[in-house]
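A.B. asks: I'd like to ask you about the structure that follows.
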């Protein structure tokens, strides 16, 4: 692969394929700037999105989004949720 101008490497070049033990290798110039958690709801019929990005992914942020959804969705509509298996959704506070 030809070397490109400094700072213009695409993200796919930052992480190399995993080795035999499943460990991914990063290039010496790879810098991680943190992650953002997005909680969102989509009204399929209208395309309206309720959502917010958070720096942390805790039950408190998850409940904040659920309260926003509850406040903005008319009471006669059903809300169906799709969630991953992250522990944020499984706390006693979130189940209540």
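The values are calculated or read from the model by the stated rules, or taken from the named source; none is laboratory data. Keep in mind that this is a model prediction, so the values were computed, not measured. Every residue, glycine as well, gets a Cβ built from its backbone with ideal geometry; the counts of neighbours run over all protein chains shown.
A.B. asks: Which members of the stretch 66-83 meet the condition of being within 18 Å of residue 96 (Cα to Cα), assigned to a loop (DSSP other than H, G, I, E, B) and either out of contact with any helix residue (DSSP H, G or I) (no Cβ under 7 Å at 6 or more places or on another chain) or touching a residue at least 24 places away in the same chain (Cβ under 8 Å) (or both)? Outline the logic, then answer.
C.D. replies: Our first condition is that a residue be within 18 Å of residue 96 (Cα to Cα); within the stretch 66-83, this holds for 66-71, 79-83.
Filter once more, keeping what is assigned to a loop (DSSP other than H, G, I, E, B): 79-83.
Matches in the stretch 66-83: 79, 80, 81, 82.
A.B. asks: Another one. Out of (1) at pLDDT 65 or above; (2) touching a strand residue (DSSP E or B) at 6+ places or on another chain (Cβ under 7 Å); (3) surrounded by 10 or more Cβ atoms within 10 Å (Cβ to Cβ), what's the single condition that is false for residue 15?
C.D. replies: Answer for residue 15: the failing condition is (1).
Okay, residues lined up against (1) surrounded by 10 or more Cβ atoms within 10 Å (Cβ to Cβ); (2) over 16 Å from the mean Cα position of the chain (by Cα); (3) at positive phi; (4) at pLDDT 85 or above:
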{"position": "23", "(1), (2), (3), (4)": "no, yes, no, no"}
{"position": "28", "(1), (2), (3), (4)": "no, yes, no, no"}
{"position": "40", "(1), (2), (3), (4)": "yes, no, no, yes"}
{"position": "61", "(1), (2), (3), (4)": "yes, no, no, yes"}
{"position": "70", "(1), (2), (3), (4)": "yes, yes, no, yes"}
